[in-house]
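In what follows, a single structure is set out as structure tokens and then discussed.
The values are calculated or read from the model by the stated rules, or taken from the named source; none is laboratory data. In this text the structure is predicted, and so the values were computed from the model without any measurement. Glycine also receives a Cβ, built like all others from the backbone with ideal geometry; neighbour counts cover every protein chain displayed.
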């Protein structure tokens with residue numbers, strides 16, 4: 001006699017398209033598996049592709065001897081952020097100095113990006129870049145609330161500064 | 001060409017002055033993009049959480065396109081082929097690719113050894129410009145790109161580059177056996193796909209946990225699973241899962257959230273606000289504590305490369321197996337194409353927003369801020385309208 005658990009599973013196959021089609025009792029332990037592909041001397045002798053020629057500086061992890069056969073060319077290191085990135089790559093991927101320096105470089109790079117825009121005659125529209133058009137379309141009430149809170153805080157700050165200056169002058 | 005341009009955390013724009021990509025290696029191709037998506041993991045870049053994300057970069061690792069130029073060594077594709085491009089950049093011959101670990105290629109990412117190259121995913125993943133553009137350079141084009149089968153919907157094809165394989169592999173890594181209870185943390189596109197795919201492996205129960213009601217409602221329909229809000233339906237997700245599994249725990253827990261999880265003040269403050277750890281590991285913490293002794297935790301959520309606060313002592317004491325990896329898209333594609341063509345998976349059902357590439361700032365904001373019940377935004381470049 002079919003037990004309750006089995007009958008529930010049969011029901012699943014009736015109501016859920018494809019239920020159990022990939023069920024495989026041998027799928028444990030599962031992917032990713034380490035498949036034996038020979039001893040080290042055999043594995044390391046794999047056929048390597050031709051080397052992509054670097055046109056600009058490419059940083060590489062110090063956990064490998066050099067660059068990979070292909071690499072991205074999106075944004076080569078430059079400026080102060082580039083100096084920070086070069087410094088970061090002196091440390092291994094296991095080091096906090098590596099990653100935290102890269103995060104610091106990213107923040108410096110944002111400021112560099114604004115100057116770069118201005119240098120090219122482009123004034124960045126930060127409201128548009130932050131998607132505030134969409135925010136206005138889908139969360140108008142929230143935008144108005146935020147603007148109102150901002151206005152109140154700004155008014156309070158200005159009032160505080162004016163009053164403090166007056167007090168200083170009167171003293 | 002028109003391309004997405006990262007300017008800093010929460011700031012992106014579409015620029016028309018990005019130079020067209022060119023062939024830089026004999027195994028390169030250049031592809032004219034026809035569909036491109038914003039992935040939940042792109043939001044980690046957008047929020048400034050991934051180290052070595054440089055200003056000026058173009059994101060995008062989920063795209064389809066038409067081959068417009070080929071390197072001299074590419075013989076399996078021809079100009080005009082309409083291809084889907086896996087997000088992994090893989091050489092096909094290194095020891096890891098030989099083991100079908102295409103997400104771990106040793107010859108595509110000079111900047112980090114822990115991960116292979118990924119399109120448009122910071123210099124930590126190789127520094128490649130991505131597919132949120134009109135054109136993109138595709139290295140090792142003889143390995144990754146797959147000609148879209150005749151009759152396949154283009155939107156389905158675009159989601160076969162990441163969402164479907166990642167969700168499927170999340171379930172596969174769980175080693176699900178018939179009748180197992182599977183808990184998926186996160187009802188984003190990957191979590192939804194993982195829940196849907198868990199049924200293919202014969203799960204007896206699939207439970208999805210999130211805090212956004214609209215996503216949970218979507219999950220009930222799309223993945224035919226139980227869906228619960230951890231902020232409304234329970235005090236403690238771990239206790240809730242224990243209770244609903246006769247106090248044993250789930251057979252398999254899947255972390256489909258990654259480093260931007262909500263639900264724990266300690267994790268949120270130290271991970272997302274102060275960045276003292278590589279994001280908030282709340283979902284992983286819950287997964288480890290909710291799985292039964294000897295169970296499997298499958299991780300596909302993206303975390304940063306530094307460190308996270310997780311209860312590793314419980315992993316030892318409960319004898320848990322943790323399986324994790326970037327999806328090996330090329331390995332999975334043949335089976336997943338079968339599932340899509342047979343109607344067992346409906347990837348395009350996830351797409352809620354179709355946005356012109358020019359409006360990419362709005363698309364990122366809508367997805368990031370969860371506006372307009374957004375599940376999955378797709379970008380349509382002008383170049384898509386050119387006849388394939």
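Just one residue in the set A:57, A:47 is surrounded by fewer than 10 Cβ atoms within 10 Å (Cβ to Cβ) and farther than 30 Å from residue B:172 by Cα; that residue is A:47.
Of all residues in the stretch B:157-180, those being surrounded by fewer than 24 Cβ atoms within 10 Å (Cβ to Cβ) and either free of Cβ contacts under 8 Å to residues at least 12 places away in the same chain or not in a loop (DSSP other than H, G, I, E, B) (or both) number 0. Restricting attention to the stretch A:35-71 and to residues that are in contact with a helix residue (DSSP H, G or I) (Cβ under 7 Å, 6 or more places away or on another chain) and assigned to a loop (DSSP other than H, G, I, E, B), the residue that is farthest from residue A:112 (Cα to Cα) turns out to be A:37. Out of A:146, A:168, A:141, one residue alone is out of contact with any strand residue (DSSP E or B) (no Cβ under 9 Å at 6 or more places or on another chain), within 14 Å of chain B (Cβ to nearest Cβ) and exposed (fewer than 10 other Cβ atoms within 10 Å of the Cβ). It is A:141. Looking at residue A:101, is it assigned to a helix (DSSP H, G or I) and in contact with a helix residue (DSSP H, G or I) (Cβ under 6 Å, 6 or more places away or on another chain)? Spelling it out, residue A:101 is indeed assigned to a helix (DSSP H, G or I) and in contact with a helix residue (DSSP H, G or I) (Cβ under 6 Å, 6 or more places away or on another chain). Candidates B:53, B:58, B:64: the one that is in contact with a helix residue (DSSP H, G or I) (Cβ under 8 Å, 6 or more places away or on another chain) and closer than 10 Å to residue B:131 by Cβ is B:64. Scan the stretch B:336-356 for residues that are within 29 Å of residue B:117 (Cα to Cα) and either part of a loop (DSSP other than H, G, I, E, B) or touching a helix residue (DSSP H, G or I) at 6+ places or on another chain (Cβ under 8 Å) (or both) and the total you get is 14. Of everything listed in (1) at pLDDT below 95; (2) in a helix (DSSP H, G or I), the single unmet condition for residue B:275 is (2).
When B:2, B:24 are checked against the criterion of being modelled with pLDDT of 95 or more and more than 14 Å from residue B:132 (Cβ to Cβ), a single residue qualifies: B:24. Screening residue B:174 with (1) assigned by TED's automatic domain parsing to the domain that holds residue B:225; (2) touching a helix residue (DSSP H, G or I) at 6+ places or on another chain (Cβ under 6 Å) gives one miss only, at (2).
Exactly one residue out of B:49, B:84 is crowded, with 20+ Cβ neighbours inside 10 Å and within 14 Å of chain A (Cβ to nearest Cβ), and it is B:49.
Taken over the stretch B:168-192, the criterion of being within 13 Å of chain A (Cβ to nearest Cβ) and within 16 Å of residue B:326 (Cα to Cα) is satisfied by B:168, B:169, B:170, B:171, B:172, B:173, B:174. In a residue-by-residue description of the stretch A:41-55, the property of being within 30 Å of residue A:106 (Cα to Cα) and either facing another protein chain (nearest Cβ under 7 Å) or in contact (Cβ under 8 Å) with a residue 40 or more places away in the chain (or both) applies to at least one position.
For the stretch B:313-320, the condition of being over 27 Å from residue B:215 (Cβ atoms), in contact with a strand residue (DSSP E or B) (Cβ under 8 Å, 6 or more places away or on another chain), assigned to a helix (DSSP H, G or I) and not assigned by TED's automatic domain parsing to the domain that holds residue B:194 holds for none of the residues. Restricting B:89, B:118 to residues that are modelled with pLDDT of 95 or more, facing chain A (nearest Cβ under 8 Å) and within 15 Å of the chain's Cα centre (by Cα) narrows the list to B:89. The residue list B:42, B:28 contains one member that is buried (at least 19 other Cβ atoms within 10 Å of the Cβ), within 11 Å of chain A (Cβ to nearest Cβ) and at negative phi, which is B:28.
Got at least one residue in the stretch A:76-88 being surrounded by fewer than 19 Cβ atoms within 10 Å (Cβ to Cβ), at the interface with another protein chain (Cβ under 8 Å from one of its Cβ atoms) and at pLDDT 95 or above? No, the stretch A:76-88 contains no residue that is surrounded by fewer than 19 Cβ atoms within 10 Å (Cβ to Cβ), at the interface with another protein chain (Cβ under 8 Å from one of its Cβ atoms) and at pLDDT 95 or above.
Consider residue A:113 carefully, then state whether it is within 13 Å of chain B (Cβ to nearest Cβ), at pLDDT 95 or above and crowded, with 18+ Cβ neighbours inside 10 Å. Here the answer is yes, as residue A:113 does meet what is asked.
Going through B:301, B:295 one at a time, which residue ends up being assigned to a strand (DSSP E or B), under 27 Å from residue B:164 (Cβ atoms) and not assigned by TED's automatic domain parsing to the domain that holds residue B:157? Just one listed residue meets the conditions, B:295. I want to confirm something. Restricting to the stretch B:357-371 and keeping residues that are surrounded by fewer than 20 Cβ atoms within 10 Å (Cβ to Cβ) and either more than 9 Å from chain A (Cβ to nearest Cβ) or in contact with a strand residue (DSSP E or B) (Cβ under 7 Å, 6 or more places away or on another chain) (or both), which single residue is farthest from residue B:4 (Cα to Cα)? So, considering only residues that are surrounded by fewer than 20 Cβ atoms within 10 Å (Cβ to Cβ) and either more than 9 Å from chain A (Cβ to nearest Cβ) or in contact with a strand residue (DSSP E or B) (Cβ under 7 Å, 6 or more places away or on another chain) (or both), the one farthest from residue B:4 (Cα to Cα) is B:370.
Taken across the stretch B:129-151, residues that are within 14 Å of chain A (Cβ to nearest Cβ) and closer than 13 Å to residue B:226 by Cα do not occur at all.
Here is the figure for the stretch B:213-229: residues that are within 16 Å of residue B:286 (Cβ to Cβ) and either in contact (Cβ under 8 Å) with a residue 40 or more places away in the chain or not assigned by TED's automatic domain parsing to the domain that holds residue B:258 (or both) total 1. Of all residues in the stretch B:250-277, those that are surrounded by fewer than 22 Cβ atoms within 10 Å (Cβ to Cβ), touching a helix residue (DSSP H, G or I) at 6+ places or on another chain (Cβ under 8 Å) and touching a residue at least 60 places away in the same chain (Cβ under 8 Å) total 1.
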